[in-house]
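For reference, the structure is listed below as structure tokens.
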Amino acid sequence: MQAEIDAVGNVVGRYSCADVGAKTLVLASHYDTVRNAGRYDGRLGILAGLIVIEHLARSDARLPFHVELIAFSEEEGVRFGTGYIGSSAVAGRFDRRMLEQCDASGILVGDMIRYAGGDPAGIPKLARQPRNLLGYIEVHIEQGPVLLAENLPVGIVTAIAGCVRRLVTIGGVAGHAGTVPMAQRHDAAAAAAEIVLAVERRCAQTPGVVGTVGRLAVPDGVINVIPGRCELSLDIRGDETAKRDAAVDDAAAEIERIAKRRSVTIESVEIQRTPTVACSPQMQKRLAEAVTRAGIRPHRLPSGAGHDAVMFDGVTEIGMLFVRCGNGGISHSPLETVTANDANVAACILLDVIVNFADLA
């Protein structure tokens, strides 16, 4: 492939066909990860694509379309609070306000891109034109237990859950832990505890909706001081945008009630909102046909996790193939596992889909 690292830090390889004007099929996933993570989240899809293109090249197999394999930067959104930085650039949806986002040390996204050798000014030029795209396919570890329970190595993704993320800051009144009566306290951490449980209760009421407080901190907390400030994150997802948004609104209303009752202040900043995205029926059909040809029962399932594929909704047809996750479906953890056999099955199915894509080129 012709390979490069682009202006936003994506690693891009292009396996070209003879027709310069032919359309391009994109194979992609992300190479960044979360802290204390597993080996396969994102990178499994990159390596599966690399293996397939290596096989095509060694076989001297030329396709009637171009194939781009893209390893996206910064999908997770952990460091800067905003994800899909690499994929949004390629999909033509990069919001330049992202460049002003900063990490916990005050380092800006734009400065970090420059430090890493990228060029923020060159990001708009990375956008692919929809008319030139044949489709987008992402292979990804399931990150859950469904395929394990079904005893299937792979599954076909029907939709990708939409996500709303907020950062919440609670302002209370610090005071001596021994001298302030319980009824007169404005405890920021106690309010945070109520918020965590309120989010859990609300999201548990609606099938397909999940809510998580993944970060919870008492800045400068001291063992004998009533917390005067607390910070937490809020992540609410759903398999339907309307259901998700209803849960977000209800959670926000309950947070306000908690703040009023406890006489604390609440500042809530939305840092990300993505819609629920349906995978292309045509792509699902093609994946199902390849899965069947591999002698495997096709199983369709939604994704509760977000993926770079969401950035290509409305840009081109998107398809996703999940690979079975071991250890009870544990992911975002060093306990995350995938078998070599399942990875091989996924690569074979991906190859099948690509070589049978010719009639749409």
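The values are calculated or read from the model by the stated rules, or taken from the named source; none is laboratory data. On a predicted model such as this, the values are computed, not experimentally measured, just so you know. Reconstructed Cβ throughout: ideal geometry from the backbone, glycine too, with neighbour counts over all protein chains shown.
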Self-check item: Residue identified as assigned by TED's automatic domain parsing to the domain that holds Ala191, part of a helix (DSSP H, G or I), at pLDDT 95 or above and within 24 Å of the chain's Cα centre (by Cα) among Ala259, Ala251
Solution: Ala251
Practice problem: Name every residue in the range 1-39 that is in a loop (DSSP other than H, G, I, E, B) and surrounded by 23 or more Cβ atoms within 10 Å (Cβ to Cβ), in order of residue number. | Solution: Val8, Asn10, Gly38
Quiz item: Here are Ala89, Ala57, Ala61, Ala104: which of them is of a type in the set (Gly, Ala, Ser), surrounded by fewer than 18 Cβ atoms within 10 Å (Cβ to Cβ) and part of a helix (DSSP H, G or I)?
Solution: Ala57
Self-check item: Which listed residue is more than 17 Å from the chain's Cα centre (by Cα) and not assigned by TED's automatic domain parsing to the domain that holds Val338, from Arg237, Arg166, Arg244, Arg201
Solution: Arg201
Quiz prompt | Residue satisfying condition, being surrounded by fewer than 18 Cβ atoms within 10 Å (Cβ to Cβ) and modelled with pLDDT of 95 or more, within set Ala340, Ala290, Ala361 | solution = Ala340
Quiz item: Has the range 160-171 got any residue that is among the small types (Gly, Ala, Ser), surrounded by fewer than 19 Cβ atoms within 10 Å (Cβ to Cβ), over 30 Å from Phe72 (Cα atoms) and touching a residue at least 24 places away in the same chain (Cβ under 8 Å)?
Solution: yes
Quiz item: What are the residues in the range 206-224 that are exposed (fewer than 15 other Cβ atoms within 10 Å of the Cβ) and in contact (Cβ under 8 Å) with a residue 40 or more places away in the chain, if any?
Solution: Ile223, Asn224
Quiz item: Is it true that some residue in the range 275-294 is over 30 Å from Met98 (Cα atoms), among the hydroxyl-bearing types (Ser, Thr, Tyr), in a helix (DSSP H, G or I) and out of contact with any helix residue (DSSP H, G or I) (no Cβ under 6 Å at 6 or more places or on another chain)?
Solution: yes
Quiz item: What tally of residues in the range 165-183 results from selecting those that are of a type in the set (A, V, I, L, M), touching a Gly at 6+ places or on another chain (Cβ under 9 Å) and part of a loop (DSSP other than H, G, I, E, B)?
Solution: 2
Quiz item: Ala346 versus (1) touching a Lys or Arg at 6+ places or on another chain (Cβ under 8 Å); (2) assigned to a helix (DSSP H, G or I); (3) within 28 Å of Glu240 (Cα to Cα): which is the lone unmet condition?
Solution: (1)
